[in-house]
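Report on the structure given below.
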Amino acid sequence: MSTSTPVLQHTRTAASAAAKRPFRLSRWFRATGWRHLVGIAMIVFSVFPLLYVLSASLNPNGTLLQSNGLFSSLGFDNYVTLFTNSQRPYGAWFINTLVIGLTTAVGTVFLGALAAYCFSRMRFAGRRFGLLSLLIVQIFPQLLAVVAIFLLLTTLGDIFPILGLDNQIALIMVYLGGALGVNTYLMYGFFNTVPSSLDEAAKLDGAGHARIFFTIILRLVAPILAVVGLLSFIATTNDFVISSVVLVTPERQTLAVGLYQFVSDEFTTNWGVFAAGAVLAAIPVMALFLYLQKYIVSGLTAGAVK
């Protein structure tokens with residue numbers, strides 16, 4: 001009791017001295033003020049492009065120069081034009097993007113989880129070489145494979161038309177072909193955080209690998225599944241190079257390819273309609289991100305320690 005009393009008195013004395021100390025802007029800036037300034041600068045840097053695109057989408061004039069004054073002219077003409085242009089079916093592009101993106105995300109999660117479970121729980125010849133190969137393949141940019149993908153789909157289309165050019169299923173198969181790699185390695189690190197004792201206990205009860213995987217492991221690794229699904233959906237939605245090569249017919253194209261038509265013409269560029277389409281295209285990604293937000297942090301950090 002006698003020992004803690006001087007400590008409490010010293011703490012109270014220091015607190016009262018700090019309270020009586022006059023406020024100095026330089027001291028506050030060195031302590032915490034600079035962090036607030038950095039945070040405000042980052043917020044402005046991040047929010048201004050979004051506000052500019054939204055203002056351009058609501059500007060009926062259709063030019064970027066007249067959109068410099070944010071929200072100086074408001075109207076929904078660009079959104080009406082977006083859905084009334086028969087030569088550029090934005091509604092079909094939107095649906096195609098959702099179908100291709102969600103299908104690819106689900107397939108990527110399933111294939112990646114199967115591969116990660118095998119690498120994490122099984123011991124076989126070539127296991128370490130396979131993990132390294134998945135990482136090495138990711139070093140090469142996707143652009144290098146465009147010519148090979150075009151020739152491959154041209155040949156497959158002669159035999160299996162459903163896997164040929166200008167077919168959405170073929171595009172999904174191309175995306176799933178690159179589903180492994182960094183996603184598998186990310187899942188592999190998360191799978192290693194799950195105790196193997198759970199597998200051993202399930203095996204004693206007579207469960208096989210399939211039952212362990214679907215009934216036990218998948219429930220415990222839900223955060224990383226959500227992260228990989230979100231990243232796959234974003235990458236598929238934003239892809240332009242491969243989708244522009246595979247899909248030719250306007251009714252089968254995705255948003256990334258279709259929206260480019262509004263600004264690619266030499267004499268009829270309409271940035272207002274393009275901005276309106278970009279604003280609507282961001283809604284599915286933002287909605288999915290908010291829905292899976294609770295899994296994102298744990299899914300990214302837990303697998304990074306292994």
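Quick notes on this one:
- Which numbered condition Thr97 fails, given (1) in contact (Cβ under 8 Å) with a residue 40 or more places away in the chain; (2) touching a Gly at 6+ places or on another chain (Cβ under 8 Å); (3) polar (S, T, N, Q): (2)
- Residues in region 106-161 that are aliphatic (A, V, I, L, M), closer than 20 Å to Ser243 by Cβ and modelled with pLDDT under 85: Leu143, Leu144, Ala145.
- Test: residue in region 190-201 that is in a loop (DSSP other than H, G, I, E, B) and free of Cβ contacts under 8 Å to residues at least 24 places away in the same chain: yes
- Residue count for region 132-189 satisfying the condition of being assigned to a loop (DSSP other than H, G, I, E, B) and touching a residue at least 40 places away in the same chain (Cβ under 8 Å): 7.
- Test: residue in region 81-95 that is open to solvent by less than 30 Å² (accessible area, probe 1.4 Å), within 25 Å of Leu186 (Cβ to Cβ) and either part of a helix (DSSP H, G or I) or acidic (Asp, Glu) (or both): no
- Candidate set from region 218-253 (those that are without any contact (Cβ under 8 Å) to a residue 40 or more places away in the chain and part of a helix (DSSP H, G or I)); member that is least open to solvent (accessible area, probe 1.4 Å): Ser244
- In region 44-64, residue modelled with the highest pLDDT [restricted to those that are open to solvent by less than 80 Å² (accessible area, probe 1.4 Å), outside any helix (DSSP H, G or I) and not hydrophobic (A, V, I, L, M, F, W, C)]: Asn59
- Ser67 being open to solvent by less than 100 Å² (accessible area, probe 1.4 Å), touching a helix residue (DSSP H, G or I) at 6+ places or on another chain (Cβ under 8 Å) and at pLDDT 70 or above: no
- Yes/no for Gly39 being more than 28 Å from Val174 (Cα to Cα) and open to solvent by less than 40 Å² (accessible area, probe 1.4 Å): yes
- Residue match in region 171-192 (condition: more than 20 Å from Ile216 (Cα to Cα) and in contact with a Lys or Arg (Cβ under 7 Å, 6 or more places away or on another chain)): no
The values are calculated or read from the model by the stated rules, or taken from the named source; none is laboratory data. The model shown is predicted, which means the values in this text are computed figures rather than measured ones. Cβ atoms come from the backbone with ideal geometry, glycine included; neighbour counts cover every protein chain shown. Only protein heavy atoms, including side chains, enter the accessible area calculation; ligands, DNA and RNA are left aside. Shrake-Rupley method; radii C 1.70, N 1.55, O 1.52, S 1.80 Å.
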